[in-house]
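What follows is a single structure, written as structure tokens, with notes after it.
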Amino acid sequence: VTEKLRAGLADLAAQAAPIDLHRRVHKGARRIERRNRALGFTAAAVLAAGSLAVYVALRPTVAGPDPSVSPSPSVTTRLPEVDLRNATFTVPIYPGPWGAACPGGERTFVDGMVDTQPGSKLYMNPTLEVLRGDLDGQPGDERVVRIQCATEGGSDDNPLAVKVSPDGAITTLGWVNVDADGELLVLDPAEPIELAAGSIRVFVIGRYGDLPQNLDKQARTYAARNGTLAQTAGPTTFEQGTTDAGAIDLRNTTLYLATNDGPGAGGSVNAYLGFVKTAAGAGSANFEKIVDGTDVGSVVVTVAVRQTLIVRTGGRETPVAVIDVKPADGPQRTVVVAYHHDQISGYAARDPWTVVTSKAGETITSVTGDDGQLTLGMTANGVAAVRAFRFNSDPAGARWVEV
Amino acid sequence: MDRPAEDFDAYVRARTPALVRTAYLLTGDQHRAEDLVQDALIKTYRAWDRLQSSSPDAYTRKVMYHLNISWWRRGRSAEISTDRPPDGARGPDEAGQSVTRLALRAALHQLTPRQRAVIVLRYFDDVTEFEAAETLGISVGTVKSTTSRALLKLRAIAPHLLGMEGARR
């Protein structure tokens, strides 16, 4: 039976055109090296110099070391190089629904992996870099490593903070993105995790167990206090959603939106997508940039909600926003996004559908909604036009279609 | 002793064709396959000195499989919320391709990334269950169960691909 599958796979794989990637690989490697140099030169140079005195002097003053403690001979000791992918340290119970598959305990990682029980393991994705800096104002340094609970329906790569003492001992500070109740907070994948100025900042979009109703993008900051992580800045609760579409204010909420910038290679997509919190209709955030269906990195995007309206789809009221979207690396475009209710929870404005994205030379001049239809007044290269869109709720292919 | 850069260049030239073929099965698209292999090779380049006592090919493949799963997770939202129906399994130049080839590509597209990865590892790369588990960072038991479910799904979607015409689950 599988011989036919093997033959089919070999035949299909042979359709891939041969290509020499040598130049592209070297160009990409040089680009990453330049970026890393630009981002990490100062910290790396200080740490590589091995001078803790210099390191402490340059370190932010937040939660600095006890001034009553005199410098000891050890302050000039080179900080130990520790390979967390091959080390033993305590990993607390994995937050979210993965506690049973990945219970807490001391784990010995080998090449970034350790079994927790049959069928499950903790796993450090080798493509995600370990962050290094100061979180407690004490000698030694802290590391933040991304760990996944790899099991059926595995987790994302969530950040765990540990402390590496001057003697090389590793102690665990805790999972970064959990709240005071121990509930897992979902990270915004487009936003970087930043370890700087004596603290770590993450962008979260809600509690894992409460999404999508409590979708609410926030920056939260943590630092180590008495050997454990504690939140030092940012909100501590999330706004609750509503099932009443009429109560939704798209100018002052967290929007999830995606542009549709035309098809890419092989029918893939080109887009910017991300979460942005608006205040008085304006906001800015890192979005994921998708080119030919591939995530090529994050780009700062500024949005302005130009108009909001309600249209009825499937017998329910659906808020719609007309949003100007300006990526830092490209021209402004306008998107019309319909925020449908979540089919499972019933919460309003939790299921965004991009109705249309303006192309180069196009301007959306007006949007009206009536009888399940959105009607757009547009100009294309100076020529006025009217386009209308209606939601096709066919479960096999639900989407907004032009009529 | 560090591996010289010439070794890496030779490795890239020798292994790219095979890596692109595997990536093509994982992504279903030539351009995405090239990008996937390129990104995996960049990471291999950066780790080249550390790989002197191990297999760079195993490392590159491991990175490639993980990058692909990550891309899918991030990219699917864009597919869902776009106003064009996702049609990654279709392209303008496919009219003349065999029905079987099209059906297999479409069927692979219906699998989850992990299921697709396991199928490609086991039945194209011809690695053992243990090696597949190492590459994907999962247990052998998970490889077995994922393979079983993937084959069941393939049989349900396209029974003729596995010589199972008329079979019923």
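Return a yes/no flag: does the range A:302-323 have any residue that is surrounded by 18 or more Cβ atoms within 10 Å (Cβ to Cβ), closer than 30 Å to B:Glu34 by Cβ and either touching a strand residue (DSSP E or B) at 6+ places or on another chain (Cβ under 7 Å) or at pLDDT below 95 (or both).
no
Name the residues in the range A:208-220 that are buried (at least 17 other Cβ atoms within 10 Å of the Cβ) and assigned to a strand (DSSP E or B), would you?
Result: A:Gln218, A:Arg220.
Is it the case that A:Val296 is among the β-branched types (Val, Ile, Thr), touching a strand residue (DSSP E or B) at 6+ places or on another chain (Cβ under 8 Å) and away from chain B (no Cβ under 14 Å)?
no
Identify all residues within the range A:224-275 that are part of a strand (DSSP E or B), among the β-branched types (Val, Ile, Thr) and within 14 Å of chain B (Cβ to nearest Cβ); write none if there are none.
A:Val269
Within the range A:378-397, identify whether any single residue is surrounded by fewer than 20 Cβ atoms within 10 Å (Cβ to Cβ), within 13 Å of another protein chain (Cβ to nearest Cβ) and among the polar types (S, T, N, Q), and answer yes or no.
Within the range A:378-397, one or more residues are surrounded by fewer than 20 Cβ atoms within 10 Å (Cβ to Cβ), within 13 Å of another protein chain (Cβ to nearest Cβ) and among the polar types (S, T, N, Q).
Can you go through B:Arg50, B:Arg61 and tell me which one is more than 7 Å from every other protein chain (Cβ to nearest Cβ), surrounded by fewer than 18 Cβ atoms within 10 Å (Cβ to Cβ) and in a helix (DSSP H, G or I)?
B:Arg50
Taking B:Val37, is it over 15 Å from the mean Cα position of the chain (by Cα) and in a helix (DSSP H, G or I)?
no
If you go through the range A:98-154 one residue at a time, how many are small (Gly, Ala, Ser), surrounded by fewer than 16 Cβ atoms within 10 Å (Cβ to Cβ) and either in contact (Cβ under 8 Å) with a residue 60 or more places away in the chain or more than 23 Å from A:Asn226 (Cβ to Cβ) (or both)?
3
Would you be able to say whether some residue in the range A:160-168 is closer than 15 Å to A:Arg207 by Cβ, surrounded by fewer than 20 Cβ atoms within 10 Å (Cβ to Cβ) and either modelled with pLDDT of 95 or more or away from chain B (no Cβ under 13 Å) (or both)?
No, the conditions are met nowhere in the range A:160-168.
The values are calculated or read from the model by the stated rules, or taken from the named source; none is laboratory data. Worth saying up front: this structure is predicted, and the values here are computed from it rather than measured. Every residue, glycine among them, receives a Cβ derived from its backbone with ideal geometry; neighbour counts consider all protein chains shown.
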